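Colleague: Once you've had a glance at the structure underneath, I'll fire off some questions.
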Amino acid sequence: MRISLVITHDELIFCVRQKYPNLVHGVDFWVGQNMCRDTGKQLEAARLHVLGQRAREERDRRLMAADAMFYKAMDSGDASKAQQVGQYRQALREVPGQPGFPANFTGPDTPDALLD
């Protein structure tokens, strides 16, 4: 009889849920991630999750500023500025879909219309 010290992905989720029934896999914890042997903490995936959250927060902050500038340009009848800001807004919405997001990506440049 062979005894395995390795448990499956689903078995590990089950064990964690038995100990912490209020946690949700994929939201509160992940299994099968690289762990630091010394600290027991998740390595790359947890870091990418935090980077993604921070990048989305910054993107959302920029979208709010761009939204205000877009409506201001529309109210003043400046179609050129509204178009420029509209393109910037679309580029911001596409940021999470860029290759390398969230660890290595390039966000759109702030248009001159927002720098005035």
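Every number in this text was worked out from the coordinates using simple rules, so none of it is lab data. Since this is a predicted model, take the numbers as computed values, not measurements. Heads up, the Cβs are rebuilt from the backbone with ideal geometry, glycines too, and the neighbour counts pull from every protein chain shown.
Colleague: Take the alpha carbon atoms of the range 52-103, find their radius of gyration, then divide it by 2.2 N^0.38 Å using N residues; give the quotient.
Modeller: 1.27
Colleague: Kindly state, to the nearest 0.05, the FRET efficiency for ASP60 paired with LEU115, given R0 = 30 Å and r defined as their beta-carbon distance. Please report the intermediate quantities before stating the final value.
Modeller: Working: r = 20 Å, r/R0 = 0.65.
Working from the Cβ atoms, E equals 0.95.
Colleague: What does the charge dipole of the range 52-103 about its Cα centre add up to, to the nearest 20 debye, if the Cβ of each Lys and Arg holds +1 and the Cβ of each Asp and Glu holds -1?
Modeller: Numbers: 9 positive and 7 negative charges, 25 e Å.
Rounded to the nearest 20 debye, it is 120 debye.
Colleague: With a point put 7 Å past each Cα toward its Cβ, work out how far ASN22 is from ASP10 in nm, to one decimal.
Modeller: That separation, rounded to one decimal, is 2.8 nm.
Colleague: Quick one: which residues, 5 or more positions from PHE29 or on another chain, have an amide H under 5 Å from its amide H? H modelled 1.01 Å from N in the peptide plane, none for Pro or chain starts.
Modeller: VAL24
Colleague: Of the options GLY100, TYR88, ALA66, report the single residue whose Cα projects farthest towards the positive end of the charge dipole of the range 52-103 (beta-carbon charges: Lys, Arg +1; Asp, Glu -1).
Modeller: Highest projection toward the positive end goes to GLY100.
Colleague: What residues of the range 46-62 lie in the reach of a label at GLN87, counting those whose backbone N is under 20 Å from a point 7 Å from the Cα along Cα→Cβ?
Modeller: It comes to 62, nothing else.
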